[in-house]
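Asker: Encoded as structure tokens, here's the structure I'll be asking about.
The values are calculated or read from the model by the stated rules, or taken from the named source; none is laboratory data. As the structure is a computational prediction, the values presented were derived from the model and not from experiment. Glycine gets a Cβ as well: all are built from the backbone with ideal geometry, and neighbour counts include every protein chain shown. The area values use the complete protein model at the heavy-atom level, side chains included, leaving out ligands, DNA and RNA. Shrake-Rupley method; radii C 1.70, N 1.55, O 1.52, S 1.80 Å.
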Amino acid sequence: MYDVVIVGGGVSGTSTARELSRYDLHVCVVEKMPDVCYGTSKANSGIVHAGYDCTPGTLMAKLNVRGNRMMPKLAKDLDVPFMQCGSLVVCTEEDDRETLTKLYEQGVENGVEGLEILDKDEVRKKEKNIADGVIATLWAPTAGIVCPFTLNYAYAEVAAGNGVEFRFNTEVQDILKKEEGYCLITNLGKIETKVVVNAAGVYSDRMHNMVSDHKIHITARRGEYCLLDRNASDLVNSTIFQLPGKMGKGVLVSKTAHGNILLGPTAVDQHYKEGTMTSAEGLETVLNLVNRSVKNVPRRQIITSFAGLRAHEAGHEFIIGEVEGAPGFVDCAGIESPGLASSPAIGEMVAGIVTDILHPAEKEEYTMSRKGILNPMTLSVADRNALIGENPAYGNIVCRCEMITEGEIIDAIKRPLGATTLDGIKRRTRAGMGRCQSGFCMPKIMEIMQRELSMTPFEITKCGKGSEWIVGTNKDKINVQAGGNAHAGI
Amino acid sequence: MQEYDLVIIGGGPAGLAAAEAAKKSGACSLVILERDRELGGILNQCIHNGFGLHSFGEELTGPEYAKRYIDRIRDLKIEYMLATMVMDLSEDRVVTAMNSENGVFSIRAKAVILAMGCRERPRGALNIPGYRPAGIYSAGTAQRLVNIEGLMPGREVVILGSGDIGLIMARRMTLEGAKVKVVAELMPYSGGLKRNIVQCLDDFGIPLLLSHTVVDIHGKNRVEGVTLAAVDEKGKPIPGTEEFYSCDTLLLSVGLIPENELSREAGIALSAVTGGPLVNESLETSVPGIFACGNVLHVHDLVDFVSEEAATAGKNAAAFIAEETLRSAGEQGPVIPLLAEGGVRYTVPSCIHLLRMPEELKVRFRVGAVYKNAYINVFAGKERVIRRKKMVMAPGEMEEITLKKEWLSEKTDTITVTIEEEEI
């Protein structure tokens, strides 16, 4: 029996796991995909919001502002790419000035520091490509950008390093209340635990509703994005928002933590919780709307598009707490934007609730930090050559677009909770995320996976079972049909 | 820092032919830097025949064609380094590269030849909507898996784009036992060579749907099908024409992009049309002493022409090395720009230094649409110097003209290449 089972390996679940890993507790993260970072946490804007959007007094406001304050040190401790580049909310209509002012006041009330309303000339000094129609902006210097994948992996690796178990490919199908704690029925058997943390993202309503009569409903709110080549990196310096509407923060233009440019997202509510498809209308909407805030967006530099699902709850508020009538069942639901920014504070809060239930002692030894995958680009030539001397794999470039070496890919596979899928390698190392979108490096990465993971090519998947890349060998079907004559049919 | 006369970046067909020509033209010390584990570049995975008709007068496979050049490189004792990635190229011709054996190292070169080739345009660049499952491959990636690794990427295939690699892969997948259901092409004409349409599609009964595109990709984990739709003149899908094709694989052959990240870092001016460097009559880029040839310069249809162009670049680079001091001393003479007009998308070269021009100079270009019984006109200043009738010209087939030095003088202010359609 576990002390705590966390359902969901996104940023909320793994941040909680990391916080709990300092205690003398038997903790397990259950994830239906083959890796952490497979749901909302893998497809979002990567923004560490300053905290002016949230309604004052809400949990969202509190956790956003706290998460934002925690992020600079946390990113250092976890070796996660993070830049405090600031954000701008642009106003293009005289009538909207009031809304901008309201946003400013709201931010001040939430405790956001450094907010300023800038007139158009001041903005142009900061951002050369700001759209001509922009008349004023709200400047928030504490906003930033973080690599959402790396943050998620880092939380999980720290937790695993301190002894938290991870069960992948494990889907929770039912939750039964027991005399002491809960029994989770999964596709891979039963799991018993004293405390459940429900961090199941778009499925957190399903988990909650298994144990509570007070039902909640999470809507999958799809957001589509376009990603631009790093060649377009100079387009903007900070994250540029439009005035928020009732469907969220609107379409933004931002650098990513790795210097790409991100455009999006749209916001479309849907029932289907696996519906991460993009649409022609959605992508067109993104490309049209960005022109309101930023000019000279180079469409030719688009290298990919994708969609993510926000876990939207009707009240637009984080639902965090022990569920009434279900002692030991802790919700961490409705975590939509600013969920990523809030994730350090969410982990802290949920862990606090859990420790209030279980009263564990702190471990004698644990560490809350980790070293990420070594990026040889950050080394001096001398250090890099010393590294290659020690381990020649660091001299072999596998992904030519992002300049990722074989050494980094092996590290991604061999480290705790290492990658087992092509997506896992891509998100840990960026190999395949560049302008050729893995066209050149994919066969090479498959070769490394075969060697390092003792896999056959037929076992290599994009994202777990059912997403195999290779279906057979040349002429294998011809052989079968023609009774062994490989030349039949030609 | 090591010093060489000439560094050639890329050991594919362009790099090999450039190296051979440079060596034979007197460049003493040269080295080819190749990022793959073998010389020959993409030819190694092109196991079909049809290469070498122009250069050797016979039909070779890709690896055979490559081997002929690799043998010459070995005979000439030209140095090369494999599994070596060039990380940086500076304007003053310092090449920084890395491999497992030597680590990071720099070479100062008197001249550099860019021969990095091109890459395939990925799905994302087209903004094709739908899911992002396994089973979407660029045609060249699939070609590598099938032809080099012997692995089948799928059983039922739809191909988007009728570029040559897509056409070749339609045939290859069929031969290996897959069912190729259809090739869809956005444009009203194919982007590939006519002979490939006949030999790779028609001969196998594979339908080619012109003016069609993929409007949806189905399947969350692995491709389960695609929806095709007809498009209007602007390339926009026409509502109501959608048709679902069940398949487990989508191959993309939707264009090649010259790979010029290094060139950009070196401050080399690039053409907005080709994506390759702007070059003069010597195939020299805007940075003196840095030359370009092959698919990094502009995407070719036939490797024979890559080799020919690369040999020119090699010869010119050798001449540059020999004359460097002389040239920097001054006498540049007039520079005549080449203008691509009236249906001509670009020309290579895009300008000519009259003093350095050979007696005859090949100019290559592509047209932007299909032309039947049209004329290629070339004007030196206002005077027409070439008028040549062509039965068919298409964007998928590169055109070529030969300029004679005798037609030009110091007074020639421009050279214009243009297409004239016959009055009907």
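Asker: Please compute, for peptide B:133-142, the average count of beta-carbon atoms on other protein chains lying within 10 Å of each residue's beta-carbon.
Answerer: Average per residue, whole number: 5.
Asker: Related question: So if R0 is 41 Å, what FRET efficiency would B:Lys236 and A:His26 give, r being the distance between their Cβ atoms, rounded to the nearest 0.05?
Answerer: 0.10
Asker: Under a Cβ-Cβ cut-off of 12 Å, what is the net charge of the residues other than A:Ile130 that fall near it, where Lys and Arg count +1 and Asp and Glu count -1?
Answerer: So the surrounding residues net to +2.
Asker: Moving on to the next point. Obtain the nm distance between the two label points defined at B:Val273 and A:Glu93 by a simple spin-label model: each point lies 7 Å from its Cα along the Cα-to-C-beta direction.
Answerer: 4.4 nm
Asker: Viscosity 1.567 mPa s, temperature 4 °C: what is the translational diffusion coefficient of the stretch B:73-192 from Stokes-Einstein with a Kirkwood Rh over Cα pairs, rounded to a whole number of µm²/s?
Answerer: It comes out at roughly 73 µm²/s.
Asker: Here's something else I'd like to know. For the stretch B:56-100, count all C-alpha to C-alpha pairs, find those more than 18 Å apart, and express that count as a whole percent of the total.
Answerer: The calculated P(r) of the stretch B:56-100 puts 54 percent of pairs beyond 18 Å.
Asker: A further question follows. Need the list of aspartates and glutamates near A:Lys477 for cross-linking: C-alpha distance under 18 angstrom, and skip anything on the same chain fewer than eight residues off.
Answerer: A:Glu468, B:Glu149, B:Glu156, B:Glu176, B:Asp248
Asker: Testing the spin-label approximation: label points 7 Å from Cα along Cα→Cβ at A:Lys73 and A:Lys126. State their distance in nm.
Answerer: With each label placed 7 Å out from Cα toward Cβ, I get 2.6 nm.
Asker: Which order do peptides A:266-272, A:348-354 fall in by mean Cβ count within 10 Å, highest first?
Answerer: Ranked from most to least packed, the peptides come out as A:348-354, A:266-272.
Asker: Further question on the same structure: Quote the FRET efficiency, to the nearest 0.05, computed for A:Met247 versus B:Val392 with a Förster distance R0 of 60 Å and r equal to the Cβ-Cβ distance.
Answerer: 0.70
Asker: What number comes out for the charge environment of A:Ser337, summing +1 per Lys or Arg and -1 per Asp or Glu over other residues with Cβ under 12 Å away?
Answerer: +1
Asker: Among DSSP beta bridges lying fully in the protein assembly as shown, give the percent that are antiparallel, nearest 5.
Answerer: Percent antiparallel among DSSP bridges in the protein assembly as shown is about 65.
Asker: I need the shape label for the stretch B:287-372. Rule: rounded when a/c is under 1.5, else prolate if a/b > b/c, else oblate, with a, b, c from the alpha carbon gyration tensor.
Answerer: oblate
Asker: Let me ask another. Counting only heavy atoms of protein chains, what accessible area per residue, in Å², does the stretch A:376-459 have with a probe of 1.4 Å?
Answerer: Ligands and nucleic acids excluded, the result is 35 Å² per residue.
Asker: While we're looking at this one, here's another question. Around B:Val223, under 15 Å between beta carbons, what's the net of Lys plus Arg minus Asp minus Glu among the other residues?
Answerer: Local net charge: +3.
Asker: What does the structure give for A:431-440 when I average, per residue, the other chain Cβ atoms found within 10 Å of the residue Cβ?
Answerer: For this peptide, the per-residue mean of nearby foreign Cβ atoms is 6.
Asker: How would you order A:9-21, A:201-213 from highest to lowest mean count of nearby Cβ atoms within 10 Å?
Answerer: A:9-21, A:201-213
Asker: Over the Cα atoms of the stretch A:376-459, each weighted equally, I'd like the Debye log10 I(q)/I(0) at q = 0.18, 0.23 Å⁻¹, rounded to two decimals.
Answerer: Once normalised to I(0) and log-transformed, intensities are -0.73, -1.11.
Asker: Helix by helix, which DSSP H runs in chain B go 27 Å or more along their axis at the Cα atoms and have an average Kyte-Doolittle hydropathy of 0.0 or more?
Answerer: B:303-328
Asker: Per residue, what accessible area does the stretch A:84-192 have, given a 1.4 Å probe and all protein chains present, in Å²?
Answerer: I get 46 Å² per residue for this part.
Asker: Something else: Rule-of-thumb check for the stretch B:150-193: C-alpha Rg over 2.2 N^0.38 Å?
Answerer: Normalised Cα radius of gyration, the stretch B:150-193: 1.14.
Asker: Separate question: Please compute the average number of Cβ atoms from other chains found within 10 Å of each residue's Cβ in peptide B:81-91.
Answerer: 2
Asker: If you don't mind, there's one more thing I want to ask. Is the shape of the stretch B:331-424 rounded, prolate or oblate, going by the alpha carbon gyration tensor and its root eigenvalues a ≥ b ≥ c, with a/c under 1.5 for rounded and a/b larger than b/c for prolate?
Answerer: Cα axes put the stretch B:331-424 in the prolate bin.
Asker: Along the principal axes of its C-alpha atoms, what lengths does the stretch A:2-358 span, in descending order and rounded to whole Å?
Answerer: Extents along the principal axes, in whole Å: 65, 40, 38.
Asker: Quote the FRET efficiency, to the nearest 0.05, computed for A:Ile135 versus B:Lys77 with a Förster distance R0 of 56 Å and r equal to the Cβ-Cβ distance.
Answerer: 0.25
Asker: In cubic angstrom, how much convex hull volume per residue do the alpha carbon atoms of the stretch B:1-135 span?
Answerer: 157 Å³
Asker: Quick one: grab the alpha carbon gyration tensor of the stretch B:122-254, order the square roots of its eigenvalues as a ≥ b ≥ c, and give me rounded if a/c is under 1.5, else prolate or oblate depending on whether a/b is larger than b/c.
Answerer: Note, shape of the stretch B:122-254 comes out oblate.
Asker: Next question, about the same structure. According to a simple spin-label model (label point 7 Å from Cα along Cα-to-Cβ), what is the distance in nm between A:Ala386 and B:Leu355?
Answerer: Roughly 5.2 nm, to one decimal.
Asker: Return the ratio Rg/(2.2 N^0.38 Å) for chain B, where Rg is computed over Cα atoms only.
Answerer: 1.02
Asker: A follow-up question, please. Buried accessible area between B and A (1.4 Å probe, both chains summed, ligands and nucleic acids excluded), in Å² to the nearest 100?
Answerer: 4600 Å²
Asker: Given an 8 Å cut-off on Cα distances and at least 6 residues of separation, report the relative contact order of the stretch A:2-358 as a percent.
Answerer: With pairs under 8 Å counted, the relative contact order is 25 percent.
Asker: Find the cysteines in chain A that fail to meet the 4.7 Å Cβ criterion with every other cysteine, and list them.
Answerer: By the Cβ distance rule, which asks for a partner under 4.7 Å, the isolated cysteines are A:Cys28, A:Cys37, A:Cys54, A:Cys85, A:Cys91, A:Cys147, A:Cys183, A:Cys226, A:Cys332, A:Cys401, A:Cys436, A:Cys463.
Asker: Right, next: Report the full-extension gain for the segment A:Lys371 to A:Glu179: residue separation times 0.36 nm, less the Cα-Cα distance, to one decimal in nm.
Answerer: Using 0.36 nm per residue and subtracting the Cα-Cα distance, I get 65.0 nm.
Asker: If packing is taken as the average count of other Cβ atoms within 10 Å, what order do A:330-336, B:260-266, B:313-319 fall into, highest mean first?
Answerer: Ranking the peptides A:330-336, B:260-266, B:313-319 by packing returns A:330-336, B:313-319, B:260-266.
Asker: What is the ratio of the Cα radius of gyration of the protein assembly as shown to 2.2 N^0.38 Å, where N is its residue count, to two decimals?
Answerer: Output field value: 1.01.
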